[in-house]
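What follows is one structure encoded as structure tokens, with my remarks underneath.
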Amino acid sequence: MEEEFYPMPSFVTLTVADLQASTEWYQRVLGFRLVFSMPGPGGGIILTHLRFSKYADLLLVASREPVPPPRGAGVQLSFTLTDRTTDELAAIVRGDGAICEGPVTQPWNARELYVTDPDGYRLAFVQQAVAGLEFEEVIRQVAGDA
């Protein structure tokens, strides 16, 4: 399937130690699709553009020097699941030996799976905990008015 090119309203760029390995991991384990790879001087790939779903794009760039930990401390990248559940993705991630926590049901009607990528970045994969629950009902429940 050829990916659609569009102006990206928002996207994240992560600096990674091994661009090829990280690009393959995001595709194999998390289900991202490769949009394109950008060659640099000498022909080696210096950037890959991955897509989880429309308007959920991620750029990976090759590190020129090691990125010291913690990587993205306090920042979480979140992606909405549409074609599988958090439990299904957790099984895939754990089957690959990757680090993940959850799924956890949050009070704001979200079921979240937290995955740590090979470079230590934290990602959340989210689905509704209770399908069809109206926003006002979620607010009442969280406030204890339900």
Suppose the filter is touching a strand residue (DSSP E or B) at 6+ places or on another chain (Cβ under 7 Å) and either of a type outside the set (S, T, N, Q) or modelled with pLDDT of 90 or more (or both); does GLN27 pass it? yes
Would you mention how many residues in segment 101-146 are assigned to a loop (DSSP other than H, G, I, E, B) and in contact (Cβ under 8 Å) with a residue 24 or more places away in the chain? 10
Tell me whether segment 98-115 contains one or more residues that are surrounded by 14 or more Cβ atoms within 10 Å (Cβ to Cβ), within 13 Å of the chain's Cα centre (by Cα) and farther than 27 Å from ALA62 by Cα. yes
Conditions (1) closer than 14 Å to LEU77 by Cβ; (2) among the small types (Gly, Ala, Ser); (3) in contact (Cβ under 8 Å) with a residue 60 or more places away in the chain; number of the one not met by ALA98: (1)
Sole residue being of a type in the set (Phe, Trp, Tyr) and in the same structural domain as ASP119 (by TED's automatic domain parsing), chosen from PHE11, PHE32, PHE79, PHE36: PHE79
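The values are calculated or read from the model by the stated rules, or taken from the named source; none is laboratory data. The structure presented is a predicted model; accordingly, all values stated were derived computationally and were not measured. Don't worry about glycine lacking a Cβ; one is built from the backbone with ideal geometry, like all the others, and counts go over all protein chains shown.
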